[in-house]
Amino acid sequence: MPARTGQQYIDGLRAQEREVWLGGERVSDVTRHKGLSGGVRAIAGLYDMQHDAQLRPVMTYPSPSSGKPVGRSFDTPATREALETRSKMMLNWARSTCGMMGRSPDFMNVTFAAWGAAAEFFGEKRPEFAGNMRRYVEYIRENDVTLTHALINFQRSRNVSGMFNLEEGTALEVKRETDQGIIVRGARILATLGPLADEIAVYSPRLARHSEDHSPFAMSFAIPCGTKGLRFLCRDSFDLGRSHFDHPLGSRFEEMDCIVFFDDVLVPWERVFLLYDVNRLNAVPHVTHSTAHSAHQGAAKNLAKCEFVLGLALLMTQTLGNAHLPHTEERIGELMLTTELMRSCMRAAEADAEIDRWGVMCPAILPVESTRNLMMTAYPRMIEILQLLGSSSFLLTPSEADFKGPIAPAIEQYLATDNAGALDRVKLFRLAWDAAGSAFGSRQVLYERFFASDPLTRARAMAAIYPKGEMTERVLEFLGRDD
Ligand SMILES: Cc1cc2nc3c(=O)[nH]c(=O)nc-3n(C[C@H](O)[C@H](O)[C@H](O)COP(=O)(O)OP(=O)(O)OC[C@H]3O[C@@H](n4cnc5c(N)ncnc54)[C@H](O)[C@@H]3O)c2cc1C
């Protein structure tokens, strides 16, 4: 099945029974559960964009196997132009969710596309893994499969080295091998999109190193979410079942985060991409350049999100009539600066892209890593600025029902400003609250702080690739001058 429609995506979720728990109950149908269905509709909307006559040329491209249109984020661009088109596709998706669904399917699609191109690397020691990877990437592309992923193991204690404290009974490990595949047991976090995905990928993040070369904790595979023994445990849903007026973001873009338990799960051999090989597992993101491609997808999300917050701030200050006050201008200026830095990093990554050893036009790594790391502190600050600009207006937000009740005339009279009627003001500030104050908004801040690992690990990732010698050389050269 080439590029899917939203309905085909929903039908796929319904067709695959899976074990999802939320609030103490097993969810019988994720597409109809009130805490999850909003997110399902949002993802379905993304797939529908692939069939919009005007957008189709950007959102899809001809499959290298069948020639039929498939999702553009599966592309491995060979030219800068193709990379830029993929970037437009990702921006279209990110803007349609206001940047609030970080784990839209393109995140995993670009990752696996990079791995497919670099399949040889997976098979250097065990050639069958290269074939597994190639076939899997073709399978997800041709069937437009939606993937979640879980990289992080639980730890009972921490050490300062940054090494994971991996222990039997908490971390996911290979328990044994059979003719059919490997049997894995343990748990992983934090599968965003878990209940809303068709398949789950398990691998490890760069730098979060295991301590040995050969380890039962080292593995890379992908299996259907309905696989026997797999259980997803959701956090509370931040879709409160309210109207779009009352809860504009949470009622639309709940992507859910899950713990995943693996209870002696069979991973068929054809779905195993790496096994026991710690160094190779750690090298994957860097050698295959999947980290550059996923950060490029993140850059599109960052830009869309910053544009959205900036737009909110501009409308808030126009509505309140404080846009011309000096400290407001200064704060708006900061939001503009961050937004343009995100845009610049994305453009720089595309302008300086180069064909890599896998024949893929790869975004330049430093600018995309910069936007990823910058967002960890820039987004919380942007939200702080929204709070400073909005103050009590965030709480002067009667519900849709209040506008229809007996107190409506008073609301209309007192909440209107010179620039906006009460209804428009409240509608805007309910949206702003959902970005800056609600549980949904707070989770967005946490997401930006941690989705790509903790700040220390991110700093180390940047330091590992930064051309430090060039900088020290310049200073040494100056120190050596005698003019
Ligand atoms: C909203 C959200 C969505 C996410 N989605 C996904 C997803 O889809 N897939 C996925 O795989 N992961 C996902 N993540 C998980 C993310 O990768 C982890 O949160 C991240 O790697 C940090 O790990 P942790 O949460 O266990 O933090 P911890 O390791 O518990 O860190 C907490 C704090 O303690 C500090 N710290 C931890 N250990 C040490 C130490 N040894 N020495 C000194 N300081 C230390 C950290 O710097 C940090 O400030 C998501 C996270 C969030 C918040």
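The values are calculated or read from the model by the stated rules, or taken from the named source; none is laboratory data. What you are looking at is a predicted structure, and each value in this text was computed from that prediction instead of being measured. Here the Cβ is made from the backbone with ideal geometry for all residues, glycine too, and neighbour counts use every protein chain on show. What goes into the accessible areas is simple: the full protein's heavy atoms, side chains included, and nothing from ligands, DNA or RNA. Shrake-Rupley method; radii C 1.70, N 1.55, O 1.52, S 1.80 Å.
Here are some notes:
- The residues in the stretch 428-478 that are away from the ligand (no atom under 15 Å from the Cβ), open to solvent by 60 Å² or more (accessible area, probe 1.4 Å), over 30 Å from residue 35 (Cβ atoms) and part of a helix (DSSP H, G or I) can be counted, and the count is 11.
- Residues that are open to solvent by 50 Å² or more (accessible area, probe 1.4 Å) and part of a helix (DSSP H, G or I), drawn from the stretch 45-86: 48, 56, 57, 80, 81, 84
- Qualifying residue in the stretch 243-252 (condition: surrounded by fewer than 23 Cβ atoms within 10 Å (Cβ to Cβ), of a type in the set (Asp, Glu) and outside any loop (DSSP other than H, G, I, E, B)): no
- Elements of type strands (runs of 3 or more DSSP E) contained in the stretch 135-225, each with 2 or more residues being open to solvent by 70 Å² or more (accessible area, probe 1.4 Å): 173-177
- Sub-6 Å Cβ pairs linking a first residue in the stretch 142-171 that is over 20 Å from residue 193 (Cβ atoms) to a second residue that is aromatic (Phe, Trp, Tyr) and part of a strand (DSSP E or B), at least 6 apart or interchain, are 166/217; 171/217, ordered by first then second residue.
- Criterion (over 30 Å from residue 368 (Cβ atoms) and among the hydroxyl-bearing types (Ser, Thr, Tyr)) met by exactly one of 251, 290: 251
- Count of the stretch 125-141 residues which are in contact (Cβ under 8 Å) with a residue 12 or more places away in the chain and closer than 20 Å to residue 362 by Cβ: 4
- Here residue 237 meets the list (1) surrounded by 23 or more Cβ atoms within 10 Å (Cβ to Cβ); (2) within 16 Å of the ligand (Cβ to nearest atom); (3) under 21 Å from residue 97 (Cα atoms); (4) of a type outside the set (A, V, I, L, M, F, W, C) almost entirely, failing just condition (1).
Per-residue answers, yes or no, for (1) closer than 23 Å to residue 301 by Cα; (2) under 19 Å from the mean Cα position of the chain (by Cα); (3) at pLDDT below 95:
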position: 399; (1), (2), (3): no, no, no
position: 432; (1), (2), (3): yes, no, no
position: 437; (1), (2), (3): yes, no, no
position: 446; (1), (2), (3): yes, yes, no
position: 456; (1), (2), (3): yes, no, yes
position: 472; (1), (2), (3): no, no, no
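- Counting only residues that are more than 30 Å from residue 341 (Cβ to Cβ) and open to solvent by 80 Å² or more (accessible area, probe 1.4 Å), the stretch 374-416 holds 8 of them.
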